[in-house]
Every structure is written in C-alpha cells, then in structure tokens.
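The values are calculated or read from the model by the stated rules, or taken from the named source; none is laboratory data. All values reported here derive from a predicted model rather than from experimental measurement. Positions of Cβ are backbone-derived with ideal geometry, glycine not excepted, and every protein chain shown enters the neighbour counts.
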Amino acid sequence: MFGELTWEAIPFDQPIPLITSLVVVLALAGIAFWAWRKGWWPYLWNEWVTSTDHKRIGVMYIVLALMMLVRGFADALMMRLQQSLAIGASQGYLPPEHYDQIFTAHGTIMIFFMAMPFVIGLMNFVVPLQLGVRDVAFPTMNNVSFWLTASGALLVNLSLFIGEFARTGWLAFPPLSEKAFSPGVGVDYYLVALQISGVGTVLTGVNFVTTILKIRAPGMSYMRMPVFCWTTLAANLLILAAFPVLTATLAMLMLDRYLGFHFFTNGGGGNSMLYMNLIWVWGHPEVYILALPAFGIYSEVVSTFSGKPLFGYRSMVYATLAICIISFMVWLHHFFTMGAGADVNALFGIASMIIAVPTGVKIFNWLFTMYGGRVRFTVPMHYAIGFMLTFVLGGLTGVLLAMPPVDFIVHNSMFLVAHFHNVIIGAVVFGVMAGYTYWFPKAFGFTLDERLGKIIFWCWFIGFYLAWFPAYALGFMGATRRLQHISDPSWAPYLHVEMVGALVILAGIVLTVVQLLYSIRTREQRLDVTGDPWDGRTLEWLTLSPPPHFNFAVLPDVHGEEAYWTRKLTAIRDEKLVEEPKYEDIEMPLNTPTGVICAFFASLTGFAVIWHIWWLAIVGLIGAFAVLVWYAWRDEHEHIIPAAKVAELERERRRIRGELLKTLTVPT
Amino acid sequence: MSATEAAAIGLTHNASEDTGLGHRGPESKSIVVPYGFWLFVLSDMVLFSALFATYASLVHATDGGPITSQLFDRTTVAVETGALLLSSFVCGLAMIAAKRGNMAWTQIWLVVTGLLGLVFLALEIEEFAGLVAIGAGPQRSAFLSAFFTLVGCHGAHVTAGLMWIGTMIAQIWAKGFHPHIMRRLLCLSIFWHALDIIWVAIFTIVYLIGTLP
C-alpha cells in the first residue's frame, strides 16, 4: 500500500533533522494559522497563488528564493562548523552520512532553488515592464512554471523529515548514485525533485524567449532593448538548449535505478563518464543561465547610477551572445582528468579561456560607463562595484583552472570550490541582491532602508573574502573538497577564518530579514510616489510603483535607445507630458488555479515515485492530465478592465508625473 | 484574430503580421502561440539529441549480448515508418478540413491519424515484447538500454500525441472551430510532424545503419 514508506523513514534517532523539520513545520503552520486568523487566505489565494500577473509571480519566485537561501545557508554554516571542529583528534558533530547529505543539499538547493528562482523571479518582474508590455507571452504557463519549481523545492525539503537526501554531491555522479552504492531514497528525492522543477524551467524558457522575440512595445526593436532583456533572452535560449539534456540525463539515471538499465553502471557495458559529459553539457551553460541575467542587472544598475547610457551597448549585446554560444563548447573542462587526451583537453582549455574575452569586454564596458559619470553610491552600486572586483579575481582563477596541467593538480580541491563560490557569490548573489534592492520600490512602492542595505553589502563582501580566500590556499595545500574530517592540524587557522567569514555572511542574511521588516514598518518615510525613485532610464520607471495590473494604460511608443530616458528628456524640454491618448478597454488574462493544482499532483506523483507507491503515482498523473484538460475546456479567457477605469488610473499617474516634471531639469 | 485576443497579450493597436522586428508592437496570438510551441518542440529535439548521442556512444557496448544486426527487422520498421508518415499526411488533411470548417472530415481525418498512430505503436510494442522474450530486454546491456530508451521515448511521445488527438477530437466536437482551438490544432500538427522528423532520424541511425551488412 505505501511502497517502501515505513515509520523508519522518520529520523527519530537523529535530533538535528528531526528538530529542524519540526520547527519548520510549526513555523509554517503558525504562519498559515496567523494568516487565516487575519482573514488573508482568500486574498492570498485570489491575488497571489492563482495569479497570472508576471509581477506577482516574480515576487513569489523571489520569496521562494529567499526562503531557500536561508535553508541552503543553514547547510553551509553546518558544513563550516563541522570543518572548523573536526580537526585532528576531534570528529566534530556531524557523522559522515549526515555531512554528505548536507553538502549535497546545499549545492542542489542553492543552484536549483535559490539562484534559479531568484533570477527567474527578477526576469518575471522586470522584463515585460522593460519591454513596455502588459504580460509575458503565456501568463498561465508562467504560473504553472512557478508552482512546479515550488513543488521541486518542497520535495527536496521534505527529504529532511521523511527519508534522507542524496549523499552523492550536487550532481549525483554515478556509479556512486547508482542503486548498488546508494540504495536509499536520497538520490530518488534528488532526481524526482529536479525533474519536476526542470519541467517548470523549460516552460519558463519557452515563455521568455517568445515574450522577448515576439511581444515588445511598438518601436522596441532588438537593438533598443535594455541589456537586461538581452541577457534574459540569452539565458532563456540556454535554458531551452540545456535543460532538456538535464532531463534526459536524469531520466537515464532513474531508469538505471528503478528498472535496472545499464547506462552508467559499472557492469553491463555502462559508462559513467557518459553521465559526466551529459550532465556538464547542461551544467556549464547553467552557470551562464545564472550569470548572464546578473550581468544584465549590473548593466542596468551601473548605467542608472552613473547617469550615463551604457558604454558600448552593442558590444555588450554581442558579448552576451558570444558567451551564450561559447558556453556550450567548454563542458569538458569540468573533468580534464577523464583522460580524453592532450588534443581534446587543449581544445577545451583554449575554449574556456576564450570565454574570458567577451566577459572582459563586459567588465570594461561597465568601467567605462562609470568613467566620467556622476556615480551615486547606492546599495545596488555597491554590489556592482563589489562584483567587478570579486568577479575579476574569480575569473582569473577560472583561467588558471582552464589550463589542463594546472587543473590536474587542483581538480576537486578546495581551490576549485573557492573558484566557483567566487564567481557564483561574486556575480550571481551580488547581482540578485543588487536587483532585489534596485527593483524593490517598483514592486512595493517604497525603497529598502539604505543604511542597512550597505551594511548587508559589506557583510556579504567581507564575509565572502574571509570565507573563501583561505580555501584557495587550502586547495594548494592539498585539501580536497567535501572533507568531513581534517587530519592535518596545520589547516586549522584557515578553516577558522572561513568559519568567521561564514558568520559574517550570516549577519548579512539576518540583516536582510531585519531590513525587510524595518523597511515595511517605516515605509512612510521612503515612499516612492513618482514611480521613478532612481532617475531611471528604462521603461519600468515610466509606470507607477507598484504598477497597475495592466502595467501601461497605453503601450509606450519607443523612439531610440533608452526608451524612458528619451521620453523623460523630451518631456522636460517640452515642459509637458506626451499627449493624452484615447483610452480603451484592456483585456487581461484571468487568474487560474491550474498551476497550483497541477503542481499538487506533480508533488504527489513525485513523492509516490520516490517511495515506489505506484498506485498513487498513477492517480497523480491522471489528476494532472485531468486538470490540463479541464483548463483547456474553459470558455472565459480574459477579463476586461473598462476604459473608464483605465482612464481614471492613468490620469492619476499623469497628475503625479506632471508634478514630478516641474521639479526636473535637463541633466548636465 | 480578434481584438479581444490581441489585448490579452498587450496588443492595443491593430493586429499585424509584421517582420518580428517589433516596430509595430506585440505580435498577435496566432503568431505567438505556435511560435512558443515551436520553441518547445525544439527543446524536445534537444532532449532527443541527448538520447541519440547516448545511443551512438553505447551502441557497441553490448556486454557480450546481441548486436544490432541480430535484432532488427527491416520489414516491421518499414511498415511502422509507412504508418507514421502516412498519419502525418492525414493529419495535414485534417488541418485543411479544419481550415474549411468541415466538422465531419476534420473528425474523420483526425481519427484516421490516431488509428495510424496506434498501428505504429502496436508494432513498436510487439517489437519490444519480442526483444524482451528472446532475452534482449533493456537490462541486458548498455546498448539495449540506450535502444529501448531512445525508441521508447519516441513511442511515449506518440502515446502523448494520441491522448492529445483524442482530447482535440472531443474538444472540436464540443466547441467547434474557435480561434483558440484552431491554434491548438496547429500546435498538435506541429507536434505530430516533429515526431516524424525524430522517427526518420531513428529509422536511419538505429535501424538502417544497424542492419547494414
């Protein structure tokens, strides 16, 4: 009846996961109860859970990402603590089988359920606004994507309480991840969660490529799109071309585990190196799926806060597309030690170094954008400058690693781990934090507290250097990754500095929560009444903060690059806003519970597959199919916002803008 | 395309079938929906390309078991191919009938499309069952794992396509030729033709090369 699920799946003998999961369950239940007492359930259901509004979906993605950041960072702290304790005679507090689950969960959660939802959330919120349109191409599918991602996150976190998580590292390399060596449900949790969220990600890719290529405001030709839209396009093209490979690869590993196939097994002619090749064909582009949108955020931030158009816009676009293509030609540098031979290794080594060229172009473009500008040192600008310093260092160690002879020495060492944390934290985390601070007022109508924001930045910046630069040294001294116990006591000082760094970052993460709560409480002091708090240059600053459901009463006509900046200068010069247009009824997509119900059935199926409860898996699949057919049968597709209502909202915006205009002068 | 549909995707001015350069604003839904579906189909082809690459690298990893030329029968495959390609042609006829608003012929051609798909699927299942019966199941060797996965994944797509055809038959019958149903029908036909393209590759790489003397 319940497959392999028994009471033994609950970790009654392990206090850490048991207590943690109880606390989390109680906290979630408490929040749910509190929301129910406040009478917020209908609001949450109608306005958020079932929403097809890209702005709401974007916010939900970011909430998910922040929650997973806390979870993933808790794992990181536990690892740091273990490594700073378990030196020499001490064994620390985590047994190997638990420690192995933690480093696997940390990597999986941070990449798939923190970084991915964060960048996808920002894309969702920003891209339609920047393109000057009302929604993405497929609003309902957007909601489905989000809930499938959430479903994957749910399954990964469920493994804390029911069963176990994989002990294989975040990419589950065979043969270790095969049934013979990982007989538990840990790897199955990993595989099923990633398959479900992977479907959501591919749908996101379809959605955003279609949106950017087909749905833009009149006059918004390709070479007038903000760079964030370009990098989003590139990232989503990568999603379309890379994620199916991940799906196929994980499916093959599932067939090995569930049905005894021989793709990657030691026997039967299987080849585990095939898995390495396939997974990194996805894995390397994945790095750029995360990094390119972050580069886009920096481009917006640097240009806005330098008060200048982005230097070398075209070269930025070409560099983005060059990275997009080259990122598919470097995968083998993740396993030079496979022994593919000197020629193959040299080819991939050179390709990996070449990717530094377009990246360097970008760095110089940002520097030259700042050069001669009036740089405002706001929080997002702090992140942008911190990124440029940090990312160049991470890029340099990357070029070192791209040399096969060097790689043979530091392969799978702490040097490598330091390198990818250097680029992921330095580029992606700084980037999403910059984007979060930069677009927060657009989403909620007030800015985040600046002083706390700067402290958070310094926590991340200093914390990162303390936590990861000793690791470069440790790597050279011979420390391999994923050590549960350190036998060489001379490494202790480095590990203790790393621990301090992790605590500094912890302070930053705690302060992020504090900043959010404090900013909400004191929002009256920092209201963004104009919709343009940063003196922005792209179209999202044209509409009010928060934007109306339909974003723009009339789609803006775009003349030239920097659509909003051009419009603003024209208005200042003419001392008036554009002519008031004729307002028309606007039709917007209806909200729908399709996404959340589909994800419910997907979670059910996933859970059933993990525990071999086959009848439940079939029920879940039938349920999901039935929901889709039910949705396809609908007759009402849109609801109408009457022209009168549009006019009323828009006239209020024009009044506010008119007053803003009186205070503006042409910038010198 | 109606103005209603246009507004749903942010189109407030007159619909246009323009060059895609964005000078006239957002495209109409009749462009956007098939375009998005094409992208999905392309990503599906990437999935198959991973399976093809796997098959190509494992085809000789037979672990002492049967090799390609001992297993495949060109005649069955020829009939399968015929059934699938013919079903694509019939699917095209269904599209023509739907464009003319001819309910009877649309339904007939869709049913024939589905039946030909079923013939294909039945032959494939028979082939698989035969292989398993002689001890050449997917657990036998890496080559057979890759073979069953690649061909079976295509078969799973055909099965999904059959379920879709069934749903469309019911939907057209219940709701008629609404624009959104026509768009869905177009996506279905894109999907069905794409399965042919994949099959031609399977036919060549797996069966033809596999049975070369």
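Is it the case that some residue within segment A:625-647 is of a type outside the set (Val, Ile, Thr), modelled with pLDDT under 95 and closer than 30 Å to A:Pro667 by Cα?
Within segment A:625-647, none of the residues are of a type outside the set (Val, Ile, Thr), modelled with pLDDT under 95 and closer than 30 Å to A:Pro667 by Cα.
Look at A:Thr211 and say whether it is closer than 30 Å to A:Thr538 by Cα and either facing another protein chain (nearest Cβ under 9 Å) or out of contact with any helix residue (DSSP H, G or I) (no Cβ under 8 Å at 6 or more places or on another chain) (or both).
When the stated conditions are applied, A:Thr211 passes them.
Inspect all residues belonging to segment B:178-185 and state whether any of them is more than 17 Å from B:Phe40 (Cβ to Cβ), assigned to a helix (DSSP H, G or I) and among the β-branched types (Val, Ile, Thr).
Within segment B:178-185, one or more residues are more than 17 Å from B:Phe40 (Cβ to Cβ), assigned to a helix (DSSP H, G or I) and among the β-branched types (Val, Ile, Thr).
Is one or more of the residues making up segment A:220-242 of a type in the set (Gly, Ala, Ser), within 10 Å of another protein chain (Cβ to nearest Cβ) and more than 17 Å from the chain's Cα centre (by Cα)?
Checked segment A:220-242: at least one residue is of a type in the set (Gly, Ala, Ser), within 10 Å of another protein chain (Cβ to nearest Cβ) and more than 17 Å from the chain's Cα centre (by Cα).
Have a look at A:Leu26, A:Leu44, A:Leu18 and point out the one that is touching a residue at least 12 places away in the same chain (Cβ under 8 Å) and either among the aromatic types (Phe, Trp, Tyr) or surrounded by fewer than 19 Cβ atoms within 10 Å (Cβ to Cβ) (or both).
A:Leu18
Please state which of the following conditions B:Leu212 fails to meet, knowing it meets all the rest: (1) among the aliphatic types (A, V, I, L, M); (2) surrounded by 15 or more Cβ atoms within 10 Å (Cβ to Cβ); (3) under 16 Å from B:Phe72 (Cα atoms).
(2)
Go through (1) in the same structural domain as A:Gly184 (by TED's automatic domain parsing); (2) at pLDDT 95 or above one by one and return the number of the condition A:Glu650 breaks.
(2)
Exactly one condition in (1) surrounded by fewer than 18 Cβ atoms within 10 Å (Cβ to Cβ); (2) away from every other protein chain (no Cβ under 12 Å); (3) part of a helix (DSSP H, G or I) is false for B:Gly135; which is it?
Of (1) surrounded by fewer than 18 Cβ atoms within 10 Å (Cβ to Cβ); (2) away from every other protein chain (no Cβ under 12 Å); (3) part of a helix (DSSP H, G or I), only one is false for B:Gly135: (3).
Would you mention how many residues in segment A:84-135 are under 30 Å from A:Pro489 (Cβ atoms) and either within 14 Å of chain B (Cβ to nearest Cβ) or not in a helix (DSSP H, G or I) (or both)?
10
Pairs please, first residue from segment A:417-429 and touching a residue at least 60 places away in the same chain (Cβ under 8 Å), second anywhere and not in a helix (DSSP H, G or I), Cβ atoms under 8 Å, 6+ apart in sequence or on different chains.
A:Val417/A:Arg481
Can you tell me which residue among A:Glu584, A:Glu562, A:Glu540 is over 24 Å from A:Val666 (Cβ atoms), acidic (Asp, Glu) and assigned by TED's automatic domain parsing to the domain that holds A:Arg224?
Criteria check complete, one pass: A:Glu584.
Checking A:Thr663 against (1) among the β-branched types (Val, Ile, Thr); (2) surrounded by fewer than 12 Cβ atoms within 10 Å (Cβ to Cβ); (3) touching a Gly at 6+ places or on another chain (Cβ under 8 Å), which single condition isn't satisfied?
(3)
Pairs needed: first member in segment A:291-309, farther than 16 Å from A:Ala234 by Cα and in contact (Cβ under 8 Å) with a residue 24 or more places away in the chain; second member anywhere, outside any helix (DSSP H, G or I) and among the small types (Gly, Ala, Ser); C-beta distance under 6 Å; at least 6 residues apart or different chains.
Partner pairs satisfying both residue conditions: A:Thr304/A:Gly536; A:Ser306/A:Gly373; A:Gly307/A:Gly373; A:Lys308/A:Gly373.
If you check A:Gly267 against the conditions, is it surrounded by fewer than 24 Cβ atoms within 10 Å (Cβ to Cβ), at pLDDT 95 or above and out of contact with any Cys (no Cβ under 7 Å at 6 or more places or on another chain)?
no
Applying the selection to segment A:504-537, what residues are under 23 Å from the mean Cα position of the chain (by Cα) and either not assigned by TED's automatic domain parsing to the domain that holds A:Gly132 or not β-branched (Val, Ile, Thr) (or both)?
A:Leu506, A:Ala507, A:Gly508, A:Leu511, A:Gln515, A:Leu516, A:Leu517
Name every residue in segment A:266-285 that is assigned to a loop (DSSP other than H, G, I, E, B) and within 8 Å of another protein chain (Cβ to nearest Cβ), in order of residue number.
Selection gives A:Gly267, A:Gly268, A:Gly269, A:Gly270, A:Asn271.
Name the residue, out of B:Asp63, B:Asp44, that is closer than 24 Å to B:Leu144 by Cα, outside any helix (DSSP H, G or I) and either within 14 Å of another protein chain (Cβ to nearest Cβ) or not charged (D, E, K, R) (or both).
Exactly one residue qualifies, and that residue is B:Asp63.
From the list A:Val627, A:Val619, A:Val609, A:Val596, which one is within 14 Å of another protein chain (Cβ to nearest Cβ) and part of a helix (DSSP H, G or I)?
A:Val627
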